[in-house]
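The values are calculated or read from the model by the stated rules, or taken from the named source; none is laboratory data. Everything quoted here is computed from the prediction, not taken from an experiment. Heads up, the Cβs are rebuilt from the backbone with ideal geometry, glycines too, and the neighbour counts pull from every protein chain shown.
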Amino acid sequence: MKTNRYCAFLRGVNVKGTNMKMTDVCAVFASAGITRVSSVLASGNILFSSSKNKSDLKAQLEKLLSAYFKYEAFLFIKDKEELATLLSKNPFIPDEEFHIYGFVGVAGIEKTLMEEFEKIKITNGEEAKIVANHFYWKVQKGNTLDSAFGKILGNKNLKASFTSRNLNTLEKILKKM
């Protein structure tokens with residue numbers, strides 16, 4: 001059976017009272033029979049290897065994390081090729097005054113996110129684009145959480161549907177895969 005290399009992106013880690021040590025998260029993954037488990041940064045990026053398919057892994061790991069940490073866990077799994085594609089399709093030119101985020105989530109979430117983005121008042125150079133079914137958001141540094149769109153991203157009815165990472169973080173993860 002072929003073993004695949006993945007990254008699990010956990011939603012809502014170490015924000016708003018959901019604090020967890022990545023060593024504990026890695027131990028939960030290992031308890032599921034997953035190998036080569038490691039974390040990248042402290043924001044819920046877990047690299048691992050498994051021969052199981054992504055949908056089975058997602059369900060199993062969400063259940064285990066929810067039980068262990070006593071919170072409703074959501075995670076999204078990407079393989080190396082998917083992550084490389086997400087990074088390569090970035091439509092924005094890097095600018096030291098802006099953060100650029102890539103989003104991972106359920107199929108079709110990019111359309112929902114764009115609909116929400118189009119409803120808000122845009123701030124200083126803020127932009128959003130969909131490229132190849134991936135949603136990207138560019139926002140001025142220091143304004144991520146205070147922007148109208150940043151506030152929408154914390155909406156409870158969307159939390160099971162996506163998570164986002166700064167593209168710099170995604171590049172670090174890809175290099176370690």
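Residues of region 55-87 that are over 16 Å from Arg11 (Cβ atoms) and either in contact (Cβ under 8 Å) with a residue 24 or more places away in the chain or surrounded by 18 or more Cβ atoms within 10 Å (Cβ to Cβ) (or both): Gln60, Asp79, Lys80, Leu83, Ala84, Thr85, Leu86, Leu87. Report yes if some residue within region 145-152 is buried (at least 17 other Cβ atoms within 10 Å of the Cβ), of a type in the set (Phe, Trp, Tyr) and under 30 Å from Asp24 (Cβ atoms); otherwise report no. No, the conditions are met nowhere in region 145-152. Of note, Ile173 satisfies the criterion of being touching a residue at least 60 places away in the same chain (Cβ under 8 Å) and assigned to a helix (DSSP H, G or I). Do we have Val13 as of a type in the set (A, V, I, L, M) and either more than 15 Å from Asp79 (Cα to Cα) or part of a helix (DSSP H, G or I) (or both) here? When the stated conditions are applied, Val13 passes them.
Does Phe69 qualify as being of a type in the set (Phe, Trp, Tyr), in contact with a Lys or Arg (Cβ under 8 Å, 6 or more places away or on another chain) and not assigned by TED's automatic domain parsing to the domain that holds Leu158?
In short, no.
Taking every residue in region 88-108 that is farther than 24 Å from Lys159 by Cβ and basic (Lys, Arg) and pairing it with any residue that is at pLDDT 95 or above and outside any loop (DSSP other than H, G, I, E, B), at least 6 positions away or on another chain, the pairs with Cβ-Cβ distances below 9 Å are Lys89/Gly102; Lys89/Val131; Lys89/His134; Lys89/Tyr136.
Within region 18-62, track down each residue that is under 18 Å from the mean Cα position of the chain (by Cα) and part of a loop (DSSP other than H, G, I, E, B). Passing the criteria: Asn19, Met20, Lys21, Val40, Leu41, Ala42, Ser43, Gly44.
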